[in-house]
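**Q** First the structure, which I've put down as structure tokens, then a few questions once you've had a look.
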Amino acid sequence: MSITTKQFIKDFKAQFQSMYAYSYEEGSTEQLYNALGLYVKNQLSGNWKETREKYVKNSVKQVFYFSMEFLPGRQLESNAYNLGLLDTIKKGLKEMGLSFDELEEAEADPALGNGGLGRLASCFMDSLASLGIPGNGNGIRYQYGLFRQKFVDGYQVELPENWLRHRNVWETRNDKSTCMVRFGGNVWLEKNHLGFMETKYENTLNVLAVPYDTPMVGYRNDVVNNLRLWSAEIPVDEEENYHTLEATEPIKEITQVLYPDDSNYEGRLLRLKQEYFMVSAGVQSILRHYRKYNLPRKNIPDKVAIHINDTHPALVIPEMMRILLDEEHLSWEQAWEITFKTCSYTNHTILREALEKWPIDMMKELLPRIYMIIEEINRRFVETTLPIYGERLTWQTAILQNGVVNMAHLAVIGSHSVNGVAKLHTEILMNDVLKDFFQLYPERFNNKTNGITQRRWVHLSNPGLTKLIDKKVGEDWKKKPSELKVFKGFEKDKQTLQKLAEIKLENKQRLADYIEEVQGIKVDPKAIFDVQIKRLHAYKRQHLNMLHILYRYLEIKENPSVDFVPRVFIFGAKAAPSYIYAKQIIKVINSLARLVNNDPDVGDKLKVVFFENYGVSLAEKIIPAADISEQISLASMEASGTSNMKLMANGALTLATLDGANIEIKDFVGEENMFIFGLSSKEVYELKAAGNYNAREIYESDDKLRRTLDALTNGTIPGLQDEGYAIFDSLVNYNDEYFVLKDFDSYVKAHKKVDELYKNEKEWTRKSLLNIASSAPFSADYTIKRYADDIWKAKQFSKQGRSVKPLDE
Ligand code: GL2
């Protein structure tokens, strides 16, 4: 899209005036942002409409990505960039005496997800549109996003995140496409006058699902896909029944809050309500849309692919069956074939507590018709599986077990494809977590390693690096990431390495300024910036990181001239509000930070920064400045990780266990260009199986480790209540579930290697360059292409109706 600066200024002024009826010079930052956002939205609305119309006119197959979480980040810059308008806008604003960066900060960052899973969904939206694949998101418009985190005296405090307080310029309320979702009541089947079985309902709670559509803009290809988020409202014709505010609560609460548990969904009725609400509205609207294609229902799987992002939307399966059986009057066999061919499922975690199970009684009461259908799916499954595979396998894989509905089992049984999100994770699914299903349906299982969009995570967040790559390898890598490998050819080019080091230092200086501004801590940009950014969870082992910092602190105190290269340890992490242990780790890190940062013996050798309220916008500031990417989960526990990919693409060197996608990082960049430590997943499995791990023995036999652990409880760290004891206890007295002590020594050694390498700037920068140049395979464009080819059978479709050149691999 091309537009002159002059034209932009004229249109922007007019936009502002039409909204606020005074001149832009009098506008607040927020008003100016609103006007700019709407200006950009106007620019893309034509393509948005045309993309939608072309999909219908050409009867193309469309993908619907169902996810309880999306983390799109701010959209102004990304949309303007993908449209090709960003430079003109920046220039125009400057001429008007305005700053783009300042206006951008006025945009709310929609925190409609917990972590990696939600951000992945948004990277996928970006790639679907950029590849020209007809792909839509389907989720919930939570009124309050993930809580806003504050530290009070080092403790995490959660505040409501009212992201919709100011207007959201990107969304369009679509009253024409509302749906009705029913909960509870009584359900029975009755023969009607035509002889069809008809489902009858009484005393149901009826909820109006209102869609809010948000444009998903492709990169310079005129494609604009759709993200549809549903909001719960009282049906218009039932308004008179809701006299009091209190009476409206059961409806309004459905889309009020996002569940803040990253990997542990408690069996809460409201959560189940949310899941069904999103699923039912989504499936109804898809089938309504399909009718526009004027094709027989048996062709649905040729035109529609529904993706189940983790088990949360797995009710898609019985909901689709319900509609096909009760409203379209198909036979069970016909309905099942359509449903099964349409649905596919991704598993994102092996944590047992995260595999959703709903009490049967709850499901029966809240969703009586859906429960009847699940019962029948289960009955038929058992009936066919039992004679062939016998009792053990059948009962272990049943959907209904011990009074609960096992959602992973429902998802596997009702989907034609089941995938994990990194090679190791998929292997663990096949050999352990879902091994019984792998025996039943080996053909369904496949791996799709996660990916990230370089557009947001490199082009926009690291313009210095982007310019350097453009200069060295040309601009093709932006559409064809594999071109990045050409950058490898510069690993020995002195001038390139120097420039790369300069860019990193500039990024670090910028972050250092920001740290001083928001945290009041002065850090040296020449120090190693060592970054761990992710949800706080014991398996991710932020406490291993903390113990190493404490170890360094004690070493410095003992010997102030110890040879440690100055290091800034940077954390960003939210803990689930009910996850006490994770919150205790936060408190200990914060107290340790206060101790270390204010100790004159330590000086610049060690600084610790724990950012409040980690999220997409903060990640965009931190990642380009990172030297070290900490990926230190216990091997086998992290399904994939995606911050590892973003950090690598920005030239950080990975310090990691061989877990999740770290293994693929090693495959692409080579072991010698990262720092690997700790147990392998095989060793973890063996150690668990042997059952003879003895954490206390390690504590007692390693002097340095003992001294470090003792410092948690002997008053070394001021300001702690019992948090140090809690961590000590879990590690020493409760035998260290995540083998922190076992991996400690090799972790410390890996850090020594980091120091050594950093002293050789040229060699460090060379490895950094190789990491950047090897990061192309993690482009979400490739990941999405593989989903589209292998699972969804969805084709790239450009605006002109010609096929886009397939992406290189
Ligand atoms: C997660 C995994 O923990 C993480 O390793 C993975 O990268 C992402 C995306 O696949 O999914 N699973 C999960 O429940 N959350 C994740 O981040 N919240």
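Only the coordinates and a few stated rules stand behind these numbers; no lab work does. Keep in mind the model is a prediction, meaning the values are calculated, not measured. Note: ideal-geometry Cβ built from the backbone for every residue, glycine included; neighbour counts use all protein chains shown.
**Q** A 30 angstrom limit on the alpha carbon distance is what I want to check against. Which of Lys583/Lys688; Lys49/Lys364; Lys91/Lys605; Lys540/Lys605 exceed it?
**A** The answer is Lys49/Lys364; Lys91/Lys605.
**Q** Please order Cys179, Cys123 by the number of other Cβ within 10 Å, starting at the fewest.
**A** Cys179, Cys123
**Q** Quick one, can you get me the convex hull of the C-alpha atoms of the chain expressed as volume per residue in Å³?
**A** Numbers: hull volume 139.4 nm³, N = 809.
With only Cα atoms used, the chain gives 172 Å³ per residue.
**Q** Count neighbours as other Cβ atoms within 10 Å of each site's Cβ, and list the chymotrypsin sites (Phe, Trp or Tyr not before Pro) in segment 68-140 that are DSSP loop with at most 11 such neighbours.
**A** none
**Q** With each run of n ≥ 4 DSSP H residues scored as -39500 (n - 2.57), what mean residue ellipticity at 222 nm is computed for the chain after dividing by its residue count and rounding to the nearest 500 deg cm²/dmol?
**A** Roughly -13500 deg cm²/dmol at 222 nm, from the helical runs in the chain.
**Q** Lys/Arg Cβ at +1, Asp/Glu Cβ at -1, dipole of the chain taken about the Cα centre: which of Leu606, Asn419, Ala773 is farthest positive-ward?
**A** After comparing all options, I get Ala773.
**Q** Related question: Apply the Karplus parameterisation 6.51 cos²θ - 1.76 cosθ + 1.60, with θ equal to phi minus 60°, to every residue of segment 59-68 and state each ³J(HN,Hα) to the nearest whole Hz, in sequence, with x for glycine and proline.
**A** Once θ is set to phi - 60°, the couplings for segment 59-68 become 6, 7, 6, 10, 9, 10, 9, 8, 8, 6 Hz.
**Q** Moving on to the next point. Just subtract the alpha-carbon distance of Glu516 and Lys557 from 0.36 nm times their residue separation and send over the number in nm, one decimal.
**A** 12.3 nm
**Q** For segment 343-387, compute Rg over Rh where Rg is the Cα radius of gyration and Rh is the Kirkwood radius from the inverse mean 1/r over Cα pairs.
**A** So for segment 343-387, dividing Rg by the Kirkwood Rh gives 1.05.
**Q** Okay, next question. Considering only DSSP states other than H, G, I, E and B, which GluC sites (Glu not before Pro) in segment 286-380 qualify as loop sites with at most 16 other Cβ atoms within 10 Å?
**A** Working: sites: Glu319, Glu327, Glu328, Glu333, Glu337, Glu353, Glu356, Glu365, Glu375, Glu376; in loops: Glu328, Glu356.
Here the GluC sites (Glu not before Pro) that fit, given the DSSP loop and packing criteria, are Glu328.
**Q** Cut-off is 10 Å between beta-carbons; in what order do Thr88, Thr384 appear when sorted fewest neighbours first?
**A** Fewest to most other Cβ atoms nearby, the residues stand as Thr384, Thr88.
**Q** Over segment 101-180, what relative contact order in percent results from Cα pairs under 8 Å that are six or more residues apart? Present the calculation step by step, with values, prior to reporting the outcome.
**A** Values: 54 pairs, mean separation 19.9, N = 80.
Relative contact order, segment 101-180: 25 percent.
**Q** Could I ask something else about it? Using alpha carbon centroids, what distance separates segment 300-337 and segment 11-37, in Å?
**A** Here the two parts' Cα centres lie 46 Å apart.
**Q** Suppose every K and R has +1 on its Cβ and every D and E has -1 on its Cβ; what is the size of the dipole of the chain about the Cα centre, in Debye to the nearest 20?
**A** The dipole magnitude comes to about 2640 debye.
**Q** Still on this structure, please answer the following. Going by C-beta contacts inside 10 Å, put Ser18, Ser482 in order with the fewest on the left.
**A** Placing the least packed residue first, the sequence is Ser18, Ser482.
**Q** With a cut-off of at most 16 other beta carbons within 10 Å, and DSSP calling the residue loop, which chymotrypsin sites (Phe, Trp or Tyr not before Pro) in segment 196-267 qualify? Please list them.
**A** Hits after loop and neighbour filter: Phe196, Tyr242.
**Q** Net charge around Ile370, counting only other residues with Cβ within less than 13 Å of its Cβ (Lys, Arg = +1; Asp, Glu = -1)?
**A** With Lys, Arg at +1 and Asp, Glu at -1, the neighbours total -1.
**Q** Between segment 665-700 and segment 152-187, what is the separation of their alpha carbon centroids in Å?
**A** For segment 665-700 versus segment 152-187, the Cα centre distance is 42 Å.
**Q** What percent do you get for the relative contact order of the chain when only Cα pairs under 8 Å and 6+ apart count?
**A** Worked out over the chain, it gives 13 percent.
**Q** How charged is the neighbourhood of Arg707? Take every other residue with its Cβ under 10 Å from the Cβ of Arg707, and add Lys/Arg as +1 and Asp/Glu as -1.
**A** Counting the neighbours of Arg707, the net charge comes to -3.
**Q** For segment 1-71, calculate the relative contact order in percent as a whole number, restricting contacts to Cα pairs under 8 Å that are 6 or more residues apart.
**A** Relative contact order for segment 1-71 comes out at 22 percent.
**Q** Follow-up question, since we're still on this one. Using modelled amide H (1.01 Å from N, peptide plane; none on Pro or chain starts), what sits under 5 Å from the amide H of Leu330, excluding residues fewer than 5 places away?
**A** Leu325
**Q** Same structure, new question: Which log10 I(q)/I(0) values does segment 571-632 give at q = 0.12, 0.20, 0.29 Å⁻¹ under the Debye formula, counting every alpha carbon as one identical point scatterer?
**A** These q points yield log10 I(q)/I(0) values of -0.37, -0.96, -1.21.
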